[in-house]
Amino acid sequence: MPVNEQAYWIAFNRVPGIGPTRLTALLETCGSIEAAWRAPIQQLQTAGLDRRSLENLLTLRRTLDLEAEWKRLQQSGAHLLTWDDAEYPHNLRQTPNPPPVLYVRGEINSQDSLAVAIVGTRRASAYGREVTHTLVTELVQHGITIVSGLALGVDAIAHQTAVEAGGRTLAVLGSGVDQVYPASNRAIAAGVQQNGALISEYSLGTKPEASNFPPRNRIISGLSLCVIVVEAGERSGALLTAQFAAEQGRDVFAVPGSILHPGSIGCNQLIQNGAAPLLSVADVLDFLDLERTTAQMQVRATVAADPAEADLLIHLSSEPKHVDDIVRDVMLAAGQVTSLLTLMELKGLVRQVGPLRYVRAS
């Protein structure tokens, strides 16, 4: 019986040492995910696998039952999104090295491209709880999806408020989507699943180990147009989300707090280091420029993506690049490149920053 193609994505997601970079090399060398899984050792070495990654892959090829893995996914109530799927979240796809596989319980839709991350301490003060509730309520009223990490404190309040306000919310887990953590947030997780999605890059059954949580923060920021840190101590994990956001070209807002309160140290330091102080929800709404952003989302929803767009984006960065140089890099006709750039600008993927000069939009 032929194995469903997604089973190969599940399998590679289980191989220690093969992440986005190595998987990209394998796909470029072998041509498809199935061909990469079945490739001979010499071809795997040509793709750049080191000894340890190669050994891990060969071991898993001998021991993993692909059909059983596919059936397990079908029976779990979750579904898979991969790089190959048009439904893969647009914002996350634009980040460096997005996760090849996302397990999803619930649904991610096109509306979720208009998303803001709200994160903060697990020990939220009365001030932090009230700020979170106010911000989420107002953002949801403007059709903005709330992204967070389902942790205690600010995260849980953000998700719960979004659900109660009739909005959409996405929760990124540091465990498998079938292993909700903490257990006390299971009722909130059920609400999230009904009004958005539980999301994880980790395989089904993965326990919530401490080492899983820092990497998941890059997905929280990657799914979002900006990140709001409501309340954070000096060593809060929310600060790592802010760091990932900056690396991904996302803006960071921080809610200022008392210099005497330890839970405000992280936010105040973010502001000192260049984050925008959030004084009201209007600061976020002005940044999002909802009319323009909504128009871009509508274009993306109605105009099918051209595979050449992804190739063109690879050759763009934050440094302005002349159309002639782009034409030379992508090896397409000048007219085709110009048409692609015009459409991609309408979609919000690129920006024209001078005569015939373009940058990749953040």
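What follows draws every value from the coordinates through simple rules; no lab data is involved. All of these numbers come straight from a predicted model, not from anything done at the bench. All Cβ positions, even for glycine, are placed from backbone atoms using ideal geometry, and neighbour counts span all protein chains on display.
Quick rundown of the values:
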{"item": "Net length gained if the chain between GLU67 and GLN42 were fully extended (0.36 nm per residue, minus Cα distance)", "result": "6.4 nm"}
{"item": "Scattering profile of region 105-288 at q = 0.12, 0.13, 0.19 Å⁻¹ [log10 I(q)/I(0), Debye over alpha-carbon scatterers]", "result": "-0.47, -0.56, -1.27"}
{"item": "Interchain or long-range residues, amide H under 5 Å from ALA115's placed H", "result": "THR145, LEU225"}
{"item": "Unit charges on C-beta of K, R, D, E only; dipole of the chain, Debye", "result": "780"}
{"item": "Rounded if a/c under 1.5, otherwise prolate or oblate - the chain, Cα gyration tensor axes", "result": "oblate"}
{"item": "Ordering of 61-74, 213-226 by packing [mean C-beta count within 10 Å, highest first]", "result": "213-226, 61-74"}
{"item": "More than 17 Å apart - percent of Cα-Cα pairs taken over region 55-99", "result": "57"}
{"item": "Ordering of 168-177, 337-346 by burial proxy (mean other Cβ atoms within 10 Å per residue, highest first)", "result": "168-177, 337-346"}
{"item": "Cross-link reach list, lysines versus LYS71, counting only Cα pairs under 21 Å and skipping chain neighbours closer than eight places", "result": "LYS207"}
{"item": "Normalised per residue, the volume of the convex hull around the Cα set of region 303-360 (Å³)", "result": "70"}
{"item": "Over region 67-110, relative contact order from alpha-carbon pairs under 8 Å, at least 6 apart, %", "result": "44"}
{"item": "Amide H partners (placed H, <5 Å) of LEU150, local residues excluded", "result": "VAL172"}
{"item": "Cα shape, region 90-133, gyration tensor, a/c 1.5 rule", "result": "prolate"}
